[in-house]
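Undergrad: Mind looking over this structure? Questions follow.
The values are calculated or read from the model by the stated rules, or taken from the named source; none is laboratory data. All values derive from a computational prediction rather than experimental measurement. Neighbour counts run over all protein chains shown; Cβ positions are idealised from the backbone, glycine included. Each accessible area value is taken on the protein alone, full model and side chains, heavy atoms only, with ligands, DNA and RNA left out. Shrake-Rupley method; radii C 1.70, N 1.55, O 1.52, S 1.80 Å.
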Amino acid sequence: MNTDRTVRTFTDFYRERGHRLITGSTLLPPPSDPVLFTTSGMHPLTPYLQGRPHPQGRRLINLQRCLRTTDLDEIGDLTHLTVFEMLGSWSLGDYSHSQSLRWGYELLRDGFGIPQDRLYVTVFGGDDQVGPDTESLRTWQELGLPVEPTDDENWWSNGPVGPCGPDSEIFVWTGDPGTPPQGTPTTDPRWVEIWNHVNMRYRRKEDGSLEPLPQPGIDTGMGLERLMTVLQGHRSVYETDLFEPWMRLLPPLWDLDEPSTRLVCDHLRSGIVVLGDGVRPSNTGRGHVLRRLIRRVLTTLRRDDPSRTLTDLPVELVGHTLDHFHQSCGTGTVREFLLDEEQRFTNLLERGQRVLSRREFEGPLSEEDYQYLHDTHGLPRDLVAGLLTTD
Ligand code: SER
């Protein structure tokens with residue numbers, strides 16, 4: 001089951017059940033939105049989940065690219081990605097949560113061929129504001145799946161205010177073949193969450209209280225890369241077909257340890273997508289996130305070989321990424337920005353080395369030193385810290 005076929009299976013399944021495929025948005029939310037990047041599939045649909053009629057109807061699906069900086073320190077492990085894609089389905093005041101769970105189970109079992117005994121689900125167990133999600137519990141029990149109610153892990157919100165509600169998460173057993181499933185999703189990490197079905201029933205107000213939405217909706221999201229890892233029986237997202245050219249071309253080019261290869265691969269791929277969506281490196285906002293991604297790549301590459309350079313980055317990887325995300329930006333433009341950023345970083349490092357070699361900066365630096373280096377010489381704190389540790 002390759003990625004294209006998996007996406008088609010998902011879209012065909014929901015189309016047959018009256019859903020329309022909407023075009024996934026870019027990583028950039030609308031200007032009125034306070035967040036920097038789209039962080040989940042439902043993000044572009046927020047106004048519609050709060051009651052605005054959607055021009056394409058009440059049953060929708062899409063494939064949305066997302067970017068999360070909250071996981072940046074996890075990058076390099078087997079499962080986290082900065083830019084990832086989410087398959088999503090929505091009912092805007094149409095069918096019930098129970099219907100969404102039933103269809104979800106049918107697609108996993110019949111469409112993707114995941115056996116029932118490798119599935120476990122969790123439901124919202126209730127808190128002091130909202131009672132337990134008995135509808136989902138009953139639905140799963142009728143379908144014959146093991147269910148674990150949780151205290152605080154089954155509540156989804158997009159931020160401190162806005163639409164939110166109880167959710168039900170579907171987990172797949174990823175233990176070694178032949179190892180029968182053990183424990184529950186909260187006790188054994190080999191249960192991997194692949195799909196979240198949220199019952200968007202409330203809106204959280206500024207004062208923290210909840211008000212019922214006039215028209216409750218369903219929002220589901222399934223991380224594509226993680227789904228492919230499970231369906232293709234791999235341990236890591238980087239082993240899926242999505243990363244095939246990356247893992248074929250990068251290791252022979254730059255001989256790094258595995259976590260570093262994964263970090264370089266993730267950050268470069270993410271950087272290309274962000275550039276493809278029109279963001280340019282800068283010191284603030286989205287541009288700063290992009291700059292950090294590229295600089296982390298450069299720091300990792302140069303750690304044990306200062307001669308490594310993005311000039312060697314195969315153009316096939318840039319083209320493959322832009323094609324995959326249907327971005328019209330040319331490979332030449334992306335490459336130019338990457339190389340320009342590399343040059344800036346090199347200049348900054350040289351300046352940093354010169355300044356730090358002065359007498360006054362011998363010994364441990366004070367808060368004021370860091371402030372001065374930043375304000376007067378444009379040397380960010382992490383870069384200074386990096387230069388001091390390499391000395
Ligand atoms: N919004 C939910 C999530 O991001 C489901 O799409 O998990």
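Undergrad: Semi-axes of the equivalent ellipsoid of the range 1-114: what are they in whole Å, largest first, if each equals the square root of 5 times a C-alpha gyration tensor eigenvalue?
TA: Equivalent ellipsoid semi-axes, largest first: 24, 21, 12 Å.
Undergrad: Counting heavy atoms of the protein chains only and a 1.4 Å probe, report the per residue accessible area for the chain as a whole number of Å².
TA: Ligands and nucleic acids excluded, the figure is 47 Å² per residue.
Undergrad: Turning to a different aspect of this structure: Please work out the C-alpha center-to-center distance from the range 99-170 to the range 205-236 and express it in whole Å.
TA: Comparing the Cα centres of the range 99-170 and the range 205-236, I get a distance of 10 Å.
Undergrad: With angles folded into 0 to 90 degrees, how steeply does helix 367-377 sit against the dominant principal axis of the chain? Use alpha carbons for both and round to 10.
TA: Long axis of 367-377 versus the principal axis of the chain: about 80 degrees.
Undergrad: Students often check this: by mean Cβ neighbours within 10 Å, which of 263-269, 377-383, 306-312, 363-369 ranks highest, and how do the rest follow?
TA: Numbers: 263-269: 24.0, 377-383: 15.3, 306-312: 12.7, 363-369: 10.4.
Highest-to-lowest ranking by the protection proxy: 263-269, 377-383, 306-312, 363-369.
Undergrad: Read phi for every residue in the range 266-271 and hand back ³J(HN,Hα) as whole Hz from Karplus 6.51 cos²θ - 1.76 cosθ + 1.60, θ = phi - 60°, with x for Gly and Pro.
TA: 4, 6, 5, 4, 5, x
Undergrad: Right, another one. Relative to the longest principal Cα axis of the chain, at what angle does helix 331-356 sit, 0 to 90 degrees, rounded to 10?
TA: 50
Undergrad: Something else about it: Relative to the first principal axis of the alpha-carbon coordinates of the chain, what is the inclination of helix 381-390, with its axis defined by its Cα atoms, in degrees from 0 to 90 and to the nearest 10?
TA: Tilt relative to the chain: about 60 degrees.
Undergrad: With a 1.4 Å probe and every protein chain kept in, tell me what percent of the accessible surface of the chain is carbon plus sulfur.
TA: 48
Undergrad: Could you work out, for the chain, what percent of all Cα-Cα pairs fall into each 20 Å distance bin, beginning at 0 Å and stopping at the bin that holds the largest distance?
TA: In order of increasing distance, the bins hold 25, 51, 22, 1 percent.
Undergrad: Over the range 51-133, what is the relative contact order in percent, taking alpha-carbon pairs closer than 8 angstrom and at least six residues apart? Could the numbers behind the result be given before it?
TA: Values: 61 pairs, mean separation 19.9, N = 83.
Value for the range 51-133: 24 percent.
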